[in-house]
Amino acid sequence: VLNQMPKESIKVFIVDRDPRDIFVLEKYVWKDCIIPSDVVEFCKWFKYTRAHRKTERVDNKSVCFIQFEDMVYKYDETAQKIVDWLGLELKEQNKKKKYFNPERSIRNTLTWKKMKCDPMEIKYIEDELREYLYNFPEN
């Protein structure tokens, strides 16, 4: 069925998040060994896996990039962006936050500040991956 669908009808969401959270969660929580837990290797891996972004954003109207943190800190604005991009109408406002609850998911942000981790590794990520860091709102 998929190979019979016109390419224009396929929509892809790419959800990314702050690399500091990804690194800390992999190293101290997930421990899946899929993402490098050595900070230098992590930064190389992160840059390599995000290299497509520049061309995808410009050339591909079927791909929508979403920051996980935007779903938490800018829920209404980001949800509307998704609805608009898909060309949908929200008819049932009571389903808002039913499947994604920002009040709950906020616990999964800023993990590098909440967990005991090496501040030098976080500094290295901030220096190497500055363009990918999320600009968190001030408290």
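The values are calculated or read from the model by the stated rules, or taken from the named source; none is laboratory data. Every value quoted in this text rests on a predicted model; they were computed, and no experiment measured them. Here Cβ is always computed from backbone atoms with ideal geometry, including for glycine, and neighbour counts include all displayed protein chains. These accessible areas exclude ligands, DNA and RNA; they are computed on the full protein's heavy atoms, side chains included. Shrake-Rupley method; radii C 1.70, N 1.55, O 1.52, S 1.80 Å.
For the reader, a short list of remarks on this structure follows.
- Figure legend. Inter-residue proximity from the range 74-98: first residues within 26 Å of residue 138 (Cα to Cα) and open to solvent by less than 70 Å² (accessible area, probe 1.4 Å), second residues part of a helix (DSSP H, G or I) and modelled with pLDDT of 75 or more, beta-carbon distance below 6 Å, spacing 6+ or different chains. Indicated pairs: 75/102; 78/70; 78/71.
- Filter result for residue 76 (among the acidic types (Asp, Glu), at pLDDT below 95 and more than 18 Å from the chain's Cα centre (by Cα)): no
- All positions within the range 104-139 that are open to solvent by 80 Å² or more (accessible area, probe 1.4 Å) and either touching a Phe, Trp or Tyr at 6+ places or on another chain (Cβ under 9 Å) or among the small types (Gly, Ala, Ser) (or both): 116, 119
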